[in-house]
Amino acid sequence: MTFRGRNVVNEALLSLGAAAIAFVGTHFALSHPLRAPLVRAVGAGPFLGLYSLVALATFAWMALAFRAAPPADLGGSGQIGWIFATVLTLPALVLFLGSLRKNPALPDPRAEAMASREAGGVFAVTRHPMMWGFALWAISHITLWWSVRTLIVAGAVLFLALVGAHMQDRKKRVLMGEAWSVWEARTTYWPRWTALPRAGWLLWLVALALWLVITWSHIHAAGVPAGLWLWIG
């Protein structure tokens, strides 16, 4: 690669790194130190809109920077890596989909009532199923050892998910008080993987169908077959 070529690669990866830092940093800043003063200044509804807009803008920047960055191939981890990644992404989707209903961590006026119930479904696994779904997705892509740009994005998502979940506990204790403390006592931060079957057969079936669609579309979105399509194709 020429000197100029190396400069282009470095600039593209630096841009991606900056986008990843912005994506993670604005999430943390708006979720924690800036949240209370901004809510007081503009109200809860407009703040949620601002939060969503910033999250969307920084995610779009990261996605565009990812596409602009060259693959910078690391060689990959081979068949073992692909098998491991394939196995991880299905429970990741189960956790994510299950987190969308009756989740006390999401902004909802019924959050305290949700926190008072017994922990069932994906919440029997962890009180942060959405975050751990993202974490498993990130770990699966890191395991592939595919490219520098993939490591940057996956590393950012992993850091945001696991550190963000810990910081969310602290925030919710302040916002929800005793209700969140009770929910914490009934649940765990670290997943109980043996409880995954308690997510329910219907959720697993929906997740499997969606997983097949997503992994098939990976061929068209990223130019690389994923999941079972890697071997079927």
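Working only with C-alpha atoms, what are the Rg and Dmax values of the chain, expressed in angstrom?
19.3, 62
Using a 1.4 angstrom probe on the protein heavy atoms only, could you order T58, T194, T143 from most to least accessible area?
On the way: T58 15, T194 130, T143 40 Å².
Solvent-accessible surface, decreasing: T194, T143, T58.
Loop only per DSSP, at most 16 neighbouring Cβ atoms within 10 Å: give me the trypsin sites (Lys or Arg not before Pro) in segment 162-233, ordered by residue number. Working shown, then result.
Numbers: sites: R170, K171, K172, R173, R186, R192, R198; in loops: R192.
Of the trypsin sites (Lys or Arg not before Pro), the ones in loops of segment 162-233 whose Cβ has at most 16 other Cβ atoms within 10 Å are R192.
Would you mind getting me the FRET efficiency between L175 and L202? Use the beta-carbon distance for r and R0 = 45 Å, nearest 0.05.
Details: r = 32 Å, r/R0 = 0.70.
Step by step, r from the Cβ atoms, then E = 0.90.
Given bins 5 angstrom wide, list per bin the percent of all Cα-Cα distances in segment 71-126, short to long.
Bins of 5 Å from zero give 4, 16, 19, 15, 11, 9, 8, 9, 6, 4 percent of pairs.
Take the solvent-accessible surface of the protein heavy atoms, probe 1.4 Å, and return the percent of it on segment 72-232 that carbon and sulfur atoms account for.
Numbers: 5810 of 8260 Å².
That fraction is 70 percent.
Subtract the Cα-Cα distance of L64 and L100 from 0.36 nm times their separation in residues, and report this length gain in nm to one decimal.
Working: separation 36, 0.36 × 36 = 12.96 nm, distance 2.71 nm.
Length gained between L64 and L100: 10.3 nm.
Select from the chain the helices, each a whole stretch of DSSP H, whose alpha-carbon atoms run 18 Å or more along the helix axis and whose Kyte-Doolittle mean is at least -1.0; answer none if there are none.
Details: long enough: 3-31 (42 Å, 0.87); 44-68 (36 Å, 1.42); 78-98 (31 Å, 1.76); 129-144 (23 Å, 1.14); 148-176 (40 Å, 0.87); 201-222 (30 Å, 1.63).
Taking the DSSP H segments of the chain (at least 18 Å long, mean hydropathy at least -1.0), we get 3-31, 44-68, 78-98, 129-144, 148-176, 201-222.
Give the average over all directions of the projected area of the C-alpha convex hull of segment 1-69, one decimal, in nm².
Values: hull surface 19.4 nm².
Over all viewing directions, segment 1-69 projects a mean Cα-hull area of 4.9 nm².
Mind checking which of G98, G25, G45 has the largest fluctuation in a GNM of the chain, springs on alpha carbons under 10 Å?
Top of the fluctuation ranking is G45.
What spacing in nm lies between the two simple spin-label points modelled at A41 and W193, each 7 Å away from Cα in the Cβ direction?
About 4.4 nm, to one decimal.
Would you mind giving the three semi-axes, in whole Å and largest first, of the ellipsoid equivalent to segment 146-233 according to its Cα gyration tensor?
Working: eigenvalues 223, 82, 21 Å².
In descending order the semi-axes read 33, 20, 10 Å.
Roughly how many Å² is the accessible area per residue of the chain, as a whole number, for a 1.4 Å probe?
Numbers: 12710 Å² over 233 residues.
Value for the chain: 55 Å² per residue.
How large is the translational diffusion coefficient of segment 87-210 in µm² per second when you combine the Kirkwood radius over alpha carbon pairs with Stokes-Einstein at 4 °C and 1.567 mPa s? Walk me through the intermediate numbers first.
Working: Rh = 14.9 Å.
For the chosen part, D equals 87 µm²/s.
The values are calculated or read from the model by the stated rules, or taken from the named source; none is laboratory data. Because the structure is predicted, anything quoted here is derived from the model rather than measured. Note that we place each Cβ from the backbone using ideal geometry, even for glycine, and neighbour counts take in every protein chain shown. Each accessible area value is taken on the protein alone, full model and side chains, heavy atoms only, with ligands, DNA and RNA left out. Shrake-Rupley method; radii C 1.70, N 1.55, O 1.52, S 1.80 Å.
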